[in-house]
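Heads up, the thing below is written out as structure tokens.
Read-outs throughout are calculated quantities, based only on the coordinates presented, and are distinct from any laboratory measurement. Since we're looking at a predicted model, the values are computed, not measured.
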Amino acid sequence: MRMTGAIRKQLAAFLEGFYEIIPKRLISIFTEQELELLISGLPTIDIDDLKSNTEYHKYQANSIQIQWFWRALRSFDQADRAKFLQFVTGTSKVPLQGFAALEGMNGIQKFQIHRDDRSTDRLPSAHTCFNQLDLPAYESYEKLRHMLLLAIQECSEGFGLA
């Protein structure tokens, strides 16, 4: 609140001009995530760059679930890749310098995949402040892909528990 209070006049001027171009009633139907994608467009997500800037916890790079995860992510279209990025980081934007410059709550923070040892009937969950995905040890590629898609499509807005 202090930051927006300090720039209240500038923010009001910006919004006045913005709403002249696009009326507020048209903007209000979108969530902030949808509006971000409308304004910025779909990002091009380099899966190889993301993979080379990923840390694993209780998984190894050669774990079958990790191999399935990367296969699933590569199978997604750009829209679902953007939803995935938004799900795990809170934004659909790729850092200008690539995923090596991905930031979390405390500065540069690599993408992390943590093994979730609870039930494989659970959806993957994310911690956006830490760019972290908690991935259950699913028994098949098909289940992993299905559960990951379900999570990013149904749980990518706001805060919730998977």
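In terms of distances greater than 25 angstrom between alpha carbons, the cross-link table entries K83/K110; K9/K110; K24/K110; K58/K110 yield K9/K110; K24/K110. Equivalent ellipsoid of the range 43-155: semi-axes from √(5λ) of the C-alpha gyration tensor, largest first, are 20, 15, 13 Å. Of the beta bridges in the chain, as assigned by DSSP with both residues counted there, near 35 percent are antiparallel. Only helical runs count toward this figure. For the chain, summing -39,500 (n - 2.57) over DSSP H runs of n ≥ 4 and dividing by all residues gives -13500 deg cm²/dmol at 222 nm.
Close amide H partners of D116, meaning residues 5 or more places away or on another chain with modelled amide H under 5 Å apart, are L135, A137.
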